Structure formats: C-alpha cells, structure tokens
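Okay, here's the structure, questions in a sec.
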Amino acid sequence: QLQASGGGPVQAGGSLRLSCVLSERTFRRTVMAWFRQAPGKEREFVAAISLSDGTASLVDSVKGRFTISRDTAKNTVHLQMNHLRPEDTAVYYCGAEGTNIRSSWSMSTAYDYWGQGTLVTVSS
C-alpha cells in the first residue's frame, strides 16, 4: 500500500532523501509519518506530516537536520535527511493513518498502513 525508497549507504555528514508513495487504497489517509528501527531497538518516531495542510512534527534528535514534506500532486511524502550521523543508521518505514489526531502522531500503533522499509546506513 505504501512504497518507500531512497535509502542506501552514506558517510557521516552526507544527505539522503527518502520517498514514500501512497497507493490508491491509501489515498484517504490524512497523516503520513516516518519511523525507524535500528538493530536491537524498538521502532521510533522520526517525523510526521498532515497531508491536508502540511503541518509537520519531528523528533528532537533530527530537528535542524531532517525535513518532511509532501507532494500532493504525486501522493508522495519525502524525508530529506542532511548532516547524517552513524546513529541515524536504521531501517526507515513510512506509515499512513486517517485519524489526524495530533497527539497520536508519534505512536506507531496509530498507523494502519506501512511501507516495506528502506535501509539507511551511515558510516563514520
């Protein structure tokens, strides 16, 4: 239902842009988000964006480095990641949900559609 892409290897300080495309089945979702899961760790919230008005939220550890944006014409959400650090290494997942309850944006349980994940590896 969601197609994520853009991951890969990168050196510390470099940049990557992740993309997530909604399918026709998920067009009615109202919020899209990126989560990440590092080896041996739980999935954690990275960023979310309202598809209707573009309001965004990012976890503190990526503020000033990552930007989330939407392209409504292409039903796509991007995560621009700059100044990458080794601790950003993880599988990144995009999710979509339809309730648009701001307080739940950072909760993975709020999302009912997920992409397959794309691996980001940052080397020092």
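The values are calculated or read from the model by the stated rules, or taken from the named source; none is laboratory data. Quick caveat: nothing in here was measured; it's all calculated off a predicted structure. Positions of Cβ are backbone-derived with ideal geometry, glycine not excepted, and every protein chain shown enters the neighbour counts. Protein only, heavy atoms only, side chains kept; ligands, DNA and RNA dropped before computing areas. Shrake-Rupley method; radii C 1.70, N 1.55, O 1.52, S 1.80 Å.
Over the chain, what percent of the accessible surface lies on carbon and sulfur atoms, probe 1.4 Å?
47 percent
Further question on the same structure: Measure out, as a whole number of angstrom, how far apart the alpha-carbon centroids of segment 1-55 and segment 77-119 sit.
Between the Cα centres of segment 1-55 and segment 77-119 lies a distance of 4 Å.
Just to be sure I understand the model, the point goes 7 Å from the Cα along the line to the Cβ. What's the resulting Gln11 to Asn82 distance in nm?
For the pair Gln11/Asn82, the computed spacing is 1.9 nm.
Here is a further query. State the extension gain, in nm to one decimal, for the chain segment bounded by Met107 and Ser52, taking 0.36 nm per residue of separation less the distance between their alpha-carbons.
Extending this stretch completely gives an extra 17.8 nm.
Report, as a whole number in µm² per second, the diffusion coefficient that Stokes-Einstein gives for the chain at 20 °C and 1.002 mPa s using the Kirkwood radius over alpha carbon pairs.
Taking Rh from Cα pairs, D becomes 151 µm²/s.
Among Ala4, Tyr111, Leu58, which residue has its Cα positioned farthest towards the positive end of the charge dipole of the chain, with +1 placed on the Cβ of Lys and Arg, -1 on the Cβ of Asp and Glu, and the dipole taken about the Cα centre?
Farthest along the dipole direction, towards plus: Ala4.
Taking only C-alpha pairs under 8 Å that are 6+ residues apart, what is the relative contact order of segment 8-124 in percent?
Relative contact order of segment 8-124: 37 percent.
Something else: Can you work out the accessible area per residue across the chain, with the rest of the protein chains kept in place, probe 1.4 Å, in square angstrom?
So the chain comes to 52 Å² accessible per residue, rounded to a whole number.
If you don't mind, there's one more thing I want to ask. Taking the Cα centre of the chain as origin and charging only Cβ (+1 Lys, Arg; -1 Asp, Glu), how large is the dipole, in debye to the nearest 20?
Value, rounded to 20: 120 debye.
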